[in-house]
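Q: Take this structure first; my questions come after.
Readers should treat all values here as calculations from the given coordinates under stated rules, not as data from a laboratory. Please read all numbers here as calculations on a predicted model, not as lab measurements. When we count neighbours, we look across all protein chains shown, and the Cβ atoms used for this are built from the backbone with ideal geometry, even at glycine.
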Amino acid sequence: MKGAEIVATLEHGFGTYPGWGGFPHVSGIKYKFNPDRPTSQRILEVLYRDEPINPEATFIVVTNGFLAAGGDGIEMLEKEIIESSGPVEEILTTHLREKETVVPELEGRIVIVRDEETENCE
């Protein structure tokens, strides 16, 4: 996907926020959004490797089958599938079984920015 498509995918994910569905969970990028702004203007910043994402650069995106098939109306993820590793629940189960301990922590990947406050939520 092009960087601009990634930003558009994030914007789409907030089309119904705070309603159900579509909230974009990410890894490998960080972004800030303002839920008080009008739809399609909520993404304030997207960083890849701590630099603003290049809208013209091409990225390999990993996702689950639901979203890859256009789930939650995210048609911009309907791209050529390079590799499929199986159902996400099986991959996650295998990974968790291989770990001795899982320690969740906030990583600052998603930051909510409102008029006078900021909140890390993932």
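Q: How high is the relative contact order of segment 3-120, given as a whole-number percent (alpha carbon pairs under 8 Å, six or more residues apart)? Provide the component values of the computation, followed by the final result.
A: On the way: 136 pairs, mean separation 33.3, N = 118.
Relative contact order comes out at 28 percent.
Q: If you don't mind, there's one more thing I want to ask. Give the angle, between 0 and 90 degrees and rounded to the nearest 10, that separates the Cα long axis of helix 3-13 from the longest principal axis of the Cα atoms of the chain.
A: 80 degrees
Q: Starting from the Cα of residue 30, draw a straight line to each of the lysines and keep only those under 19 Å, dropping any in the same chain fewer than 8 residues away.
A: Cross-link targets: 2.
Q: Compute the long axis of helix 88-98 from its Cα atoms, compare it with the longest principal axis of the Cα atoms of the chain, and write down the angle in degrees, 0 to 90, nearest 10.
A: Taking Cα atoms only, the helix is inclined about 70 degrees.
Q: OK, next. What distance in nm separates the simple spin-label points at residue 68 and residue 91, each placed 7 Å from Cα in the Cβ direction?
A: Inter-label distance under the simple model: 0.7 nm.
Q: Magnitude of the Cβ-charge dipole of the chain, K/R +1 and D/E -1, about the Cα centre, nearest 20 debye? Could you put the intermediate results ahead of the total?
A: Details: 11 positive and 23 negative charges, 20 e Å.
The calculated dipole for the chain is roughly 100 debye.
Q: Which FRET efficiency value, to the nearest 0.05, is calculated for residue 60 and residue 36 with the Förster distance at 30 angstrom and r the Cβ-Cβ distance? Before the final figure, lay out the partial values.
A: Values: r = 33 Å, r/R0 = 1.10.
Once the sixth-power term is evaluated, E becomes 0.35.
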